[in-house]
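See structure below.
Nothing in this text is a laboratory measurement; each read-out follows from the coordinates by a stated rule. Small disclaimer: the values here were computed from a predicted structure and weren't measured. Every residue, glycine among them, receives a Cβ derived from its backbone with ideal geometry; neighbour counts consider all protein chains shown.
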């Protein structure tokens with residue numbers, strides 16, 4: 001099926017055949033028929049009716065659809081995007097291993113890579129994601145994992161997924177890509193050879209700013225490895241959030257296509273404004289990786305960032321004056337949100353790490369929602385002028 005039809009019907013084989021809407025299973029535990037049956041459930045791989053930390057029928061239905069969207073054999077839901085990426089990374093590395101990652105990552109991922117892993121005896125090298133040679137130069141004999149994010153948060157820099165995957169495959173290194181910004185509608189990293197794909201499902205996949213969830217998608221063997229760590233670390237999702245996520249997925253294609261079209265129009269307008277020094281958006285011809293964006297993205301997403309000429313003060317003033325756009329974290333919902341990136345990142349990263357990630361004092365990230373193009377441009381016009 002085309003992806004639009006898949007979003008509506010891809011999970012029918014594992015759901016209740018008679019129910020048009022998915023069935024919600026809120027129970028945290030399930031009865032066993034006898035002692036033998038209990039032993040089977042307790043030792044099974046991802047049992048759906050044993051204990052909710054191990055699995056759940058509503059989660060299984062949502063995971064089935066998510067796996068198909070990312071061209072993966074299986075998917076595993078988590079309580080948050082950070083729960084997903086942290087569990088995946090911890091399941092793939094051990095003391096003495098080495099990880100190669102980008103300089104520009106979501107702040108939580110950066111904290112995991114630069115603060116948590118080194119304490120566990122795992123070395124991490126961060127490289128310029130736009131330079132394929134930098135990835136190759138950073139590899140060591142003990143490199144076990146390469147972590148990428150494209151487009152990256154918040155500077156919208158791209159990573160050449162096919163090149164990274166080929167580099168890793170030739171050396172037996174696992175690759176993991178955060179695909180939150182692009183969504184499977186714009187990019188499917190596994191189509192380029194990436195092993196594992198993670199999402200903060202809180203964002204576009206859920207789409208309504210009313211749930212927190214994460215997901216890891218990949219081959220069955222690696223997902224089984226991640227699941228074994230998940231039931232110990234405990235960042236499990238719940239039936240209600242899975243139910244809401246499945247509902248949000250039904251309209252994913254409509255939402256992201258509308259958001260991307262409006263983002264391109266807004267980025268084009270902002271690029272011409274005298275108060276804007278630079279617009280970061282892969283759909284613009286001025287983006288230094290626009291050719292790569294055209295090669296590995298079907299559209300350019302709904303997130304953009306702007307560097308204001310007035311720096312820190314100009315960014316704060318813009319956010320104070322916007323009326324339609326909300327000053328709030330997260331993205332991917334029906335409403336447009338904007339944040340001052342430097343202020344947000346300060347609590348998790350050092351000033352040096354913020355600078356290395358390309359986050360300037362006047363950088364504002366804008367996550368475009370479903371408002372009209374005209375209304376959004378008018379809001380930015382009155383706020384900037």
**Prompt:** If you find the alpha carbon centre of the range 56-134 and of the range 181-246, how far apart are they in angstrom?
**Reply:** 11 Å
**Message:** Multiplying the sequence separation of residue 17 and residue 265 by 0.36 nm and subtracting their Cα-Cα distance, what value in nm do you get?
**Reply:** 85.0 nm
**Request:** At 25 °C and 0.890 mPa s, grab the translational diffusion coefficient of the range 110-256 from Stokes-Einstein with a Kirkwood Rh over Cα pairs, rounded to a whole number in µm² per second.
**Result:** 148 µm²/s
**Prompt:** Points 7 angstrom from Cα along the Cβ direction at residue 36 and residue 119: gap in nanometres?
**Reply:** 4.8 nm
**Fill in**
Calculated from DSSP helices alone, with each H run of at least 4 adding -39500 (n - 2.57) and the total divided by the residues of the chain, [θ]222 nm to the nearest 500 comes to -11500 deg cm²/dmol
**Request:** Can you tell me how much longer the chain between residue 219 and residue 71 gets when fully stretched, taken as 0.36 nm per residue apart minus their C-alpha distance, in nm with one decimal?
**Result:** 52.3 nm
**Message:** Classify the range 252-384 from the C-alpha gyration tensor, please: rounded if a/c falls under 1.5, else prolate or oblate depending on whether a/b exceeds b/c.
**Reply:** rounded
**Asked** How far is helix 239-249 tilted, in degrees, relative to the longest principal axis of the Cα atoms in the chain, given as a value from 0 to 90 rounded to the nearest 10?
**Response** 50 degrees
**Message:** Which order do the peptides 246-255, 128-137 come out in when sorted by mean C-beta neighbours inside 10 angstrom, highest first?
**Reply:** 246-255, 128-137
**Complete:** The residues 215, 89, 124, sorted from fewest to most surrounding Cβ atoms within 10 Å, come out as 124, 89, 215
**Prompt:** For residue 6 and residue 370 in the same chain, what is the full-extension length gain: residue separation times 0.36 nm, less their Cα-Cα distance, in nm?
**Reply:** 128.8 nm
**Item:** Taking only Cα atoms of the range 36-137, radius of gyration then Dmax in Å
**Value:** 17.5, 56
**Asked** If only Cα atoms are counted, what is the Rg of the range 234-279, and what is its Dmax, in Å?
**Response** 17.5, 50
**Message:** Could you work out the pair-distance distribution P(r) of the range 82-170 from its alpha-carbon pairs, with 5 angstrom bin width and percents rounded to whole numbers?
**Reply:** 3, 14, 28, 26, 21, 8, 1
**Request:** For the chain, find the longest principal axis of its Cα atoms and tell me its angle to the long axis of helix 81-92, 0 to 90°, nearest 10.
**Result:** 60 degrees
**Asked** Which value does Rg/Rh take for the chain over its C-alpha atoms, Rh per Kirkwood?
**Response** 0.98
**Item:** Value of Rg to Rh for the range 184-343 (Rh from inverse mean 1/r over Cα pairs, i.e. Kirkwood)
**Value:** 1.01
